[in-house]
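Structure record follows, encoded as structure tokens.
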Amino acid sequence: QRIGVPRETFPGEKRVATVPDVVEKLIKLGFTVAVESGAGDAANFSDDAYRAAGAEVVAGAAQLWSTSDIVLKVRPPSEDEVGLMRGGGTLIDFIWPAQNPQLMEQLAARKATVLAIDCLPRTLSRAQKMDALTSTAGVSGYRAVIEAANAFGRYFNGQITAAGKVPPAKVFIAGAGVAGLAAIGTAANLGAIVRANDTRAEVADQVKSLGGEFVKVDYEEEGSGGGGYAKVMSEGFQAAQRQMYATQAKDADIIITTALIPGKPAPRLITAEMVQSMKPGSVIVDMAAEQGGNCELTVPGEAVVRHGVTIIGYTDLASRLAKQSSTLYATNLLRLMEELCKAKDGVAVVNMEDDAIRGLTVIKDGSVTWPAPPLKAP
Ligand code: NAD
């Protein structure tokens, strides 16, 4: 079968779904690989590098889509792209079916088979190597700290110099999931004093192991909502949490917020009042901007200054580190292709008896198979 990788068309998207090193490995699995000319340019992978790895470089999306049995992509396809897709073809991509019902209908009408990388059952340990949500969140958490450092007017690490003593920056991280933990590690490595909070108390040890201090909300409530994810907390908890965050906001130089609750708008954790209480020149990076924002004053996609505080609401943090995130994503997809092609004969088999593959498969030969039934208990 032929695997095709188009150039991403979403405005500003710099990532690409495969990289030259991975092309070689896909070919070893027995596939042929085609890449649209220019697909890797923004991530610093040239057409020549793909050619050297054994890919055919084709000009134009129409040719790429119509000749590919399996298309690998990053962003969900546009309506135009779905129109270019070969009838009965396979698409492996972020899809977010709950948010994109129309796209699901269009893909089903093409009699497509669609594997949504965002639907991977992440709690299966076998699936971790394919977990692109985790690799993307890790890159984004790192980049959030870099964006904060770029907007911040001082060092992160404390220094004693001939010109005087410099105190370390204080960083507060709200939400210590995958992105939050990456941000904690990065900020601690830069020498900042890092504190973090999460409603799931079980992450406290991970926070500490990365060099952060876990700050608890003074209110007893279990924060896990199942599957390792958070739930909406009670009013009482939220009030206690606001009080604690207000204290942290006054003290922090930098706040990075990452808090999300599956299927719900992002929890509002940083109020306008808290922003106002921060020191001038402080920075907030709101990684939940696309889901409604953890901070009341965030403008999604933009960096704004409010009350002397820079509030960064970029929604493309992973794309801002395009070479790294493309490489990790391409490797996640390679691991998936290995699962789909155990015979190494260049033919992908979607085995619906396999829990990981079943979870990913949101459309099979034109029939919607999402949502997958819950995983059987191990
Ligand atoms: P996420 O992006 O949905 O949420 C980010 C973090 O925000 C979570 O840690 C959540 O608890 C926290 N949060 C939500 N509401 C909050 C609030 N009001 N205040 C403070 N914090 C709040 O989550 P994620 O990073 O994708 O994953 C979270 C967890 O999922 C992981 O830590 C892990 O336990 C689990 N997970 C498991 C696997 C696996 O088993 N292979 C893989 C990935 C993730």
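A compact table of results
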{"read-out": "Percent RCO, i.e. relative contact order, over region 29-121, from Cα pairs under 8 Å lying at least 6 residues apart", "value": "22 percent"}
{"read-out": "Carbon + sulfur, % of accessible area of region 1-118 - ligands and nucleic acids excluded, 1.4 Å", "value": "49 percent"}
{"read-out": "Computed helical MRE - 222 nm, the chain, DSSP H runs ≥ 4 contributing -39500 (n - 2.57), nearest 500", "value": "-9500 deg cm²/dmol"}
{"read-out": "Gaussian network model of the chain, Cα within-10 Å springs - most flexible of P262, P11, P76", "value": "P11"}
{"read-out": "The chain: most fluctuating residue of D354, D131, D21 per GNM, C-alpha cutoff 10 Å", "value": "D354"}
{"read-out": "Order of exposure, largest accessible area first, which applies to Y314, Y329 with probe 1.4 Å", "value": "Y314, Y329"}
{"read-out": "Spherically averaged projected area of region 1-131 from its Cα convex hull (nm²)", "value": "8.0 nm²"}
{"read-out": "Antiparallel bridges, percent of DSSP beta bridges restricted to region 150-216 (to nearest 5)", "value": "30 percent"}
{"read-out": "Radius, Kirkwood style, for region 223-289 when every pair of distinct Cα atoms is counted (Å)", "value": "12.9 Å"}
{"read-out": "Accessible surface, per residue, of region 317-378 when the full set of protein chains is kept, probe 1.4 Å, Å²", "value": "49 Å²"}
{"read-out": "For A34, distant residues with modelled amide H under 5 Å away", "value": "I3, G4, V5, E56"}
{"read-out": "Long-range tail of P(r) for the chain (Cα pairs > 27 Å, %)", "value": "51 percent"}
{"read-out": "Sequence-distant aspartates and glutamates (8 or more away, or on other chains) whose Cα lies within less than 20 Å of K165", "value": "D251, D253"}
{"read-out": "Carbon and sulfur %, accessible surface of region 235-378 computed with the full protein complex present, 1.4 Å", "value": "52 percent"}
{"read-out": "Relative packing of peptides 250-260, 111-121 - highest average C-beta neighbours within 10 Å first", "value": "250-260, 111-121"}
{"read-out": "Among the listed pairs K231/K323; K14/K250; K323/K344; K28/K111; K14/K376; K129/K364, those beyond 30 Å (Cα-Cα)", "value": "K231/K323; K14/K250; K14/K376"}
{"read-out": "3J(HN,Hα) from dihedral phi, region 35-47, Karplus parametrisation 6.51/-1.76/1.60, rounded to Hz, x for glycine, proline", "value": "10, 5, 3, x, 4, x, 3, 6, 9, 6, 10, 7, 3"}
{"read-out": "Region 260-378: projected area of the alpha-carbon convex hull, averaged over directions, in nm²", "value": "11.1 nm²"}
{"read-out": "Spatial separation of Cα centroids for region 208-225 and region 91-118, in angstrom", "value": "36 Å"}
{"read-out": "DSSP beta bridge pairing in the chain, given as percent antiparallel to the nearest 5", "value": "25 percent"}
{"read-out": "Around A98: net Lys/Arg minus Asp/Glu count, Cβ-Cβ under 14 Å", "value": "-1"}
{"read-out": "Residue-normalised accessible area of region 200-263, given per residue in Å² at a 1.4 Å probe", "value": "53 Å²"}
{"read-out": "Whole-number percent relative contact order across the chain, with pairs defined as alpha carbons under 8 Å at least 6 apart", "value": "19 percent"}
{"read-out": "Partner lysines for K216 [C-alpha distance under 16 Å; skip if fewer than 8 residues away on the same chain]", "value": "K208"}
{"read-out": "Column: log10 I(q)/I(0), Debye, Cα scatterers of region 134-260, q = 0.17, 0.19, 0.21 Å⁻¹", "value": "-0.85, -1.03, -1.21"}
{"read-out": "Region 119-174 and region 229-266: distance between their alpha carbon centers, rounded to Å", "value": "18 Å"}
{"read-out": "Per residue accessible area of region 29-115, 1.4 Å probe, in Å²", "value": "39 Å²"}
{"read-out": "Protection-proxy order for peptides 26-35, 274-283, each taking the mean of Cβ atoms within 10 Å per residue, highest first", "value": "26-35, 274-283"}
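The values are calculated or read from the model by the stated rules, or taken from the named source; none is laboratory data. Computed from a predicted model, the values in this text were never measured in an experiment. Please note: Cβ atoms are built from the backbone with ideal geometry, for glycine as well, and neighbour counts cover all protein chains shown. Just the protein is used for accessible areas: all its heavy atoms, side chains included, with ligands, DNA and RNA removed. Shrake-Rupley method; radii C 1.70, N 1.55, O 1.52, S 1.80 Å.
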